[in-house]
Amino acid sequence: MNRLEFLTTLKNTLEKGGLSSGDINDALSYYEEVFLDAGVSKEEETAASLGDPAEIAKGILADSGISVAPENTSYTNTNTVRSESTSSGATGLKIAIFILLFPVWFPIFATVSAILFALMVAAVSLVAAFAGAGVALLFESIPTLFRVPPAGVFMFGSGLFITGLFLGFAKMCFKNILPSLGRGIKAAARFITRPFRKGDANNG
Amino acid sequence: MGFSINAGLLDAMVLSIVQKNDTYGYEITQYLRKAVEISESTLYPVLRRLQKGELLETYDKEYMGRNRRYYRITAKGADALEEYREDWLSHKKKIDSILMNEGAECYEQT
């Protein structure tokens, strides 16, 4: 096996495994460099000492978290077409499963989203209620202050207290609670589409 | 040589080679071959792992009309290497205490 044969098999196997083009180029330039550094006249020797390029490719794929299906163990240049059709078939199957399981995942997703959305609304309403009550008490306390001074002072104090609560809670609500609930909905969507998108990435 | 080299030891040796001089894949393998039977194929995942862990970084340098990828140790890599060396010393002592019948009195010498 010469340099070109070695690199071609390596490239084909990595591409079939769905490795990203950046990672494929990294591996190819590494092995190309090895051949050149070992000497142009020693190509056959170098290839022999490196080992089977298909096995090397499988090792690289495994390091990237891609497992090679057992029926594809003997990668050669001739079975390119067959292997590609099986992998696109697998994606088709995944899409079909995704659609068929719609009655299962959709209600779960809808429920989780609805609960999180309800919590968001509740948080916003709570903030609004505090704001309304606080401001109303403050305004109402001014005329009361003249009519029944002790009651007016009490109302003014309560108004300040509730407005303070509102400010503290609003900050927490908009900084922490709303974003985290939003993330929850996004995470639920991601969880459901995960198997589907993984298949997509493997073929891209 | 009949003893197998594990991944940690290989990482440590590669870090040590690169720390001495910035160097490239083929040369690293040649150095390693002084101690262990290893091919460039075994080295590749090691280099990738060290790069991903930010223990090594790379840069390309022109050599005879082509690019050669050089590896350079990072500060994090140098720290890791120090740790590996300490681990190795204590590991070696423990092995020697059994294999070479070296008692506790020999510990002071090293």
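The values are calculated or read from the model by the stated rules, or taken from the named source; none is laboratory data. Keep in mind the model is a prediction, meaning the values are calculated, not measured. In this analysis, Cβ positions are derived from the backbone assuming ideal geometry, glycine residues included, and neighbour counts consider all displayed protein chains.
Quick grid of which residues meet (1) at the interface with chain B (Cβ under 9 Å from one of its Cβ atoms); (2) part of a helix (DSSP H, G or I); (3) touching a His at 6+ places or on another chain (Cβ under 8 Å):
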| site | (1), (2), (3) |
| --- | --- |
| A:D26 | yes, yes, no |
| A:S29 | yes, yes, no |
| A:K42 | no, yes, no |
| A:E45 | no, yes, no |
| A:S49 | yes, yes, no |
| A:A57 | no, yes, no |
| A:L61 | no, yes, no |
| A:G65 | no, no, no |
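Looking at segment A:33-51, which of its residues are surrounded by fewer than 16 Cβ atoms within 10 Å (Cβ to Cβ) and either free of Cβ contacts under 8 Å to residues at least 40 places away in the same chain or in contact with a Cys (Cβ under 8 Å, 6 or more places away or on another chain) (or both)? Result: A:G39, A:V40, A:S41, A:K42, A:E45, A:S49, A:G51.
Here is the figure for segment B:1-23: residues that are among the hydroxyl-bearing types (S, T, Y), part of a helix (DSSP H, G or I) and within 14 Å of chain A (Cβ to nearest Cβ) total 0. Could you tell me whether A:S158 is surrounded by fewer than 12 Cβ atoms within 10 Å (Cβ to Cβ) and modelled with pLDDT of 85 or more? The answer is no for A:S158.
A quick yes/no check of all residues on (1) closer than 23 Å to A:G168 by Cβ; (2) surrounded by 14 or more Cβ atoms within 10 Å (Cβ to Cβ); (3) without any contact (Cβ under 8 Å) to a residue 40 or more places away in the chain; (4) out of contact with any strand residue (DSSP E or B) (no Cβ under 8 Å at 6 or more places or on another chain):
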residue	(1), (2), (3), (4)
A:A96	no, no, yes, yes
A:W105	no, yes, no, yes
A:F109	no, yes, no, yes
A:A131	yes, yes, yes, yes
A:I142	no, no, yes, yes
A:F146	no, no, yes, yes
A:P150	no, no, yes, yes
